[in-house]
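Step one of this worksheet: look at the structure below.
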Amino acid sequence: MPNTKLPNDTTGSDKVGPNQVQTVDLPKEIRLADWTDLAQWGINRVGEANKYKYRVEIPEGWHVRQSRHPHWQELVDPQGYVRADIYFCQDFRATRSFLSLRRRYTTSVQCSQDNTSVRMLIMDGAREIFATDWIAFGNDGDHARQFFEWRAHQEAERRAKEWLKENLPHWQSCLHYWT
């Protein structure tokens, strides 16, 4: 979809100037939060809703950008963090839309270059903030390799979540740690 600009895409040259209110359309259905939660971020409804969306004001510096998929957009804060994913699909079968908030801290699996071990990375956006120790797959036999890869992955994930619970106890909340 090169050079295609959806109505909500505010990454182009038509951004509003400083101290001007910027409005965008956001889906009525919100996952993992509600409109009261979004108001804490400075996102407020400013118009009547239609069946699928509200017109809202977003804070200065925030914008909506197109993702790699034509039905998805991202709500981005001034620091470049994607705060939420916006889904809107209107085709001949049905119309569907929702806003899904993202967590600040996430996990990402990393496999060793020689494919013999795995570890989990704790990410703050695109920045790695912690990595578990490498966990070997533990078996050279092909017949059981998937099982041992799964077990190593599960152990790396357990260690990552243990670190998160100790250091960022509310990491699973989409509303914590943003300020």
Report task. Scan segment 111-129 and give yes if some residue there is surrounded by 14 or more Cβ atoms within 10 Å (Cβ to Cβ), outside the structural domain of residue 33 (by TED's automatic domain parsing) and in contact with a Leu (Cβ under 8 Å, 6 or more places away or on another chain), otherwise no. Result -> yes
Query - Residue pairs meeting the criteria (Cβ under 8 Å; at least 6 apart or on separate chains; first on the phi > 0 side of the Ramachandran plot and assigned to a loop (DSSP other than H, G, I, E, B), in segment 126-153; second surrounded by 12 or more Cβ atoms within 10 Å (Cβ to Cβ) and modelled with pLDDT of 90 or more) - result: 138/152
Requested in this report: Could you list, in sequence order, all residues of segment 70-80 that are within 17 Å of residue 26 (Cα to Cα) and either in a loop (DSSP other than H, G, I, E, B) or in contact with a Ser or Thr (Cβ under 8 Å, 6 or more places away or on another chain) (or both)?
Outcome: 70, 71, 73, 74, 77
Query - Residue that is surrounded by the fewest Cβ atoms within 10 Å (Cβ to Cβ), among those in segment 156-174 that are outside any helix (DSSP H, G or I) and polar (S, T, N, Q) - result: 172
Query raised in the report: Restricting segment 83-110 to residues that are surrounded by fewer than 15 Cβ atoms within 10 Å (Cβ to Cβ) and among the aliphatic types (A, V, I, L, M), which is nearest to the chain's Cα centre (by Cα)?
Result: 109
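This table checks each residue for (1) in a loop (DSSP other than H, G, I, E, B); (2) among the small types (Gly, Ala, Ser).
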site	(1), (2)
23	no, no
33	yes, yes
39	no, yes
42	yes, yes
50	yes, no
56	no, no
Report task. Considering only segment 49-104, state which residues are free of Cβ contacts under 8 Å to residues at least 60 places away in the same chain and of a type in the set (Phe, Trp, Tyr). Result -> 52, 54, 62, 72, 92
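The values are calculated or read from the model by the stated rules, or taken from the named source; none is laboratory data. Computed from a prediction, not measured in an experiment: that's the story for all the values here. In this analysis, Cβ positions are derived from the backbone assuming ideal geometry, glycine residues included, and neighbour counts consider all displayed protein chains.
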